[in-house]
Amino acid sequence: MSAEPRVDVAWYHRPVAIVLLAIFVLGPLAIPLVWRTPAWSPRGRWIATVLILAYTVLLCWQVWVAVQFALEQLQQ
């Protein structure tokens, strides 16, 4: 049994880094990182893409609700 040489991957191609960047920094701009990482299969890339887009839509909706609430409070 031979050990395969360890291939170091750049930090921004590691799944944990991509998830953290998508949640806290880049949002949907992290999608190119998802598609360039060798760590995920094509199915995993699609799942990550859908999750990132869903998270982005949720955040946009929350901002919309907060702005509408703030505008209502200002008009009273």
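Could you please find all residues in region 30-47 being farther than 17 Å from Arg14 by Cβ and either loosely packed, with under 10 Cβ neighbours inside 10 Å or touching a residue at least 40 places away in the same chain (Cβ under 8 Å) (or both)?
Scanning region 30-47 gives Pro42, Arg43.
On the basis of being in a helix (DSSP H, G or I), loosely packed, with under 10 Cβ neighbours inside 10 Å and of a type in the set (Val, Ile, Thr), does Val50 make the cut?
The answer is no for Val50.
Could you list, in sequence order, all residues of region 1-17 that are surrounded by 13 or more Cβ atoms within 10 Å (Cβ to Cβ), of a type outside the set (D, E, K, R) and either at pLDDT 95 or above or not in a helix (DSSP H, G or I) (or both)?
Val9
Quick check on region 53-76: of everything there that is more than 19 Å from Ala17 (Cβ to Cβ) and not hydrophobic (A, V, I, L, M, F, W, C), which residue is surrounded by the fewest Cβ atoms within 10 Å (Cβ to Cβ)?
Checked region 53-76; the qualifying residue surrounded by the fewest Cβ atoms within 10 Å (Cβ to Cβ) is Gln76.
The values are calculated or read from the model by the stated rules, or taken from the named source; none is laboratory data. Quick caveat: nothing in here was measured; it's all calculated off a predicted structure. All Cβ positions, even for glycine, are placed from backbone atoms using ideal geometry, and neighbour counts span all protein chains on display.
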